[in-house]
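The values are calculated or read from the model by the stated rules, or taken from the named source; none is laboratory data. Quick caveat, the model's predicted, so the values are computed rather than measured. Cβ placement follows ideal geometry from the backbone for every residue including glycine, while neighbour counts extend to all protein chains displayed. Quick note on the areas: whole protein, heavy atoms, side chains included, nothing else; ligands and nucleic acids left out. Shrake-Rupley method; radii C 1.70, N 1.55, O 1.52, S 1.80 Å.
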Amino acid sequence: MGGKDAIVSDEMAKKFASEKESPYTRWVCAEGLDIISAHYVANLNTVELKPWARRGGRGVYINHEASRTSNDCYVCEIPAGGKLAPQRQLFEEMIYVLGGRGSTTVWNDKGQRITFEWKAGALFAIPLNAWHQHFNGSGRDPARFVAVTNGPSVINLYEEVEFVFNTRYDFKSRFSGEPDYFANKGEQKGLLLETNFVADAVNLPLVSAKERGAGGGHIRFNLAKGSMNSHISQFPVSTYKKAHCHGPGAHVIILTGEGYSLMWPEGEEPRRYEWQAGSMIVPPNLWFHQHFNTGTIPARYLAFKHEVVSVRNAQGVPKAWISRRVGGDQIDYADEKPLVRTMFAQELAKRGLQPRMDGAYQSELADLPPLVV
C-alpha cells in the first residue's frame, strides 16, 4: 500500500523473473504494441500510438501495475476513411469515443447484425463474444477511442489466444440481435442506468449524489449486461469532492473542465496530478484520491472500472461512499488535512476565483457521525 517503488536487489528480482511476464503481456507484445505502465496520462488525445497491423489502426495499452491482472486500457485510432478488422473476444469491453465520428456493426453467429453511429462523447460496450467492426465516418480525420476490458484475466486464464478470439458461441442473454440494442435509451434504477449506448456522455443528465460532497451529480452504468461497470460524476465550479480509496482498476477519464487530483497511500503526503479534458487518472490499490475543480465550468469525469474496485459493506454499498468514522473508506470534509483547503484556495486565487465550499462543509455536519478517538 506504500507509495515507495519497493525496488529490490537484482539477485532477489531474478528469483521472480519467470513470473514477471504473463500470457497477457506476451500477447500485447505479439500485437506489436507498447504498454505504458502509468497511473496518470496527461492527454489521451495526444498519447503516442504505434501501428496495430492486425486491427488495421494504431494503438497503445495503458496498464497500471496495480490493475494489470484484472482489467486493462487501450487507446486506438481508426485512420481517415478506414476501418478496423472484425473481432470477437471472450472478454468484455467498454468504449468512450475521444474524437471523430463513425459507426460500429455488431453481429453474432446466427447472423443477427445491427449497425449504430457514434461521434465524440459517445459511450458504449461490446456484448460478450459478439463480432464487431468499427468504421471511421470521416474521409479526412482519424477517429480515436479509449477502451477498458477485462482481457488480462481472461487471456491469463485460458492462455490460448485462438480460443479467446475465435470461439463460436452466442451469449444470447447478452446480445441476440435486438434491433434497438444500441438505441440511446435505458432504465434508471436509483443511481444505476441499464443501457448499452449513451450518445453524449458529456451532456447526459445526472442524479444528485450528496454523499460524495460538493453538490455533485452522479450516474452509474451497467453496459451490455457486463460484469464490469462505470460511472460519470460531475461537480460544480470552485468545489472539490471528498477523498476516498478503493480497489485497483478504476480508469478515470476527464470529460470536461480542468483541475487537479491528489493521490496518496495512507500515511504519506499527497501527490498532485493536473488534468484537463482528455486526461486519465488510475488510482493505485487503496490509495486515497480527491478531485478538485479549478476551472470555470463544471468538471465531469467518466470512470471505467472492474468490480474488484468496489469493496462493499453487507448492504452492497461501496465503502468508498461511507465515512471512515463508521468503517468506510471516505474521508469527511471535517477530517481532511488543512493542506487540502489551503492548496485549493491558493490555486483558485491564481485564477481570480474563490472556493464555494462553505455550503458543502455545513451540510455535511447534519449527518456527520461522531468521531471515535
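Structural remarks
- Hey, D367 open to solvent by 10 Å² or more (accessible area, probe 1.4 Å) and over 22 Å from the mean Cα position of the chain (by Cα) or not: yes
- Between R272, R300, the distinction of being at pLDDT 95 or above, of a type in the set (K, R), farther than 28 Å from N150 by Cβ and touching a strand residue (DSSP E or B) at 6+ places or on another chain (Cβ under 8 Å) belongs to R272 only.
- Per this entry, G81 is counted among residues that are exposed (fewer than 14 other Cβ atoms within 10 Å of the Cβ), at pLDDT 95 or above, on the phi > 0 side of the Ramachandran plot and in contact with a Gly (Cβ under 9 Å, 6 or more places away or on another chain).
- Number of residues in the range 274-295 that are open to solvent by 10 Å² or more (accessible area, probe 1.4 Å) and touching a Leu at 6+ places or on another chain (Cβ under 8 Å) equals 1.
- Residue in the range 339-354 that is under 30 Å from T69 (Cβ atoms), surrounded by 14 or more Cβ atoms within 10 Å (Cβ to Cβ) and among the hydrophobic types (A, V, I, L, M, F, W, C) present: no
- Any chance S238 is of a type in the set (G, A, S), open to solvent by less than 10 Å² (accessible area, probe 1.4 Å), under 15 Å from A125 (Cα atoms) and touching a residue at least 60 places away in the same chain (Cβ under 8 Å): no
- Flag if K225 is more than 30 Å from P86 (Cβ to Cβ), in contact with a Phe, Trp or Tyr (Cβ under 9 Å, 6 or more places away or on another chain) and either in contact (Cβ under 8 Å) with a residue 60 or more places away in the chain or open to solvent by less than 50 Å² (accessible area, probe 1.4 Å) (or both): no
- The set of residues from the range 36-71 being open to solvent by 20 Å² or more (accessible area, probe 1.4 Å), under 18 Å from V164 (Cβ atoms) and either touching an Asp or Glu at 6+ places or on another chain (Cβ under 9 Å) or not hydroxyl-bearing (S, T, Y) (or both) comprises R54, R68.
- Annotation note: Cβ proximity below 7 Å between a residue of the range 281-308 that is over 17 Å from I62 (Cβ atoms) and a residue that is among the aromatic types (F, W, Y) and not in a strand (DSSP E or B) (sequence gap 6+ or interchain) occurs for F292/F344.
- Residue in the range 155-162 that is under 21 Å from M228 (Cβ atoms) and either buried (at least 19 other Cβ atoms within 10 Å of the Cβ) or in contact with a Gly (Cβ under 7 Å, 6 or more places away or on another chain) (or both) present: yes
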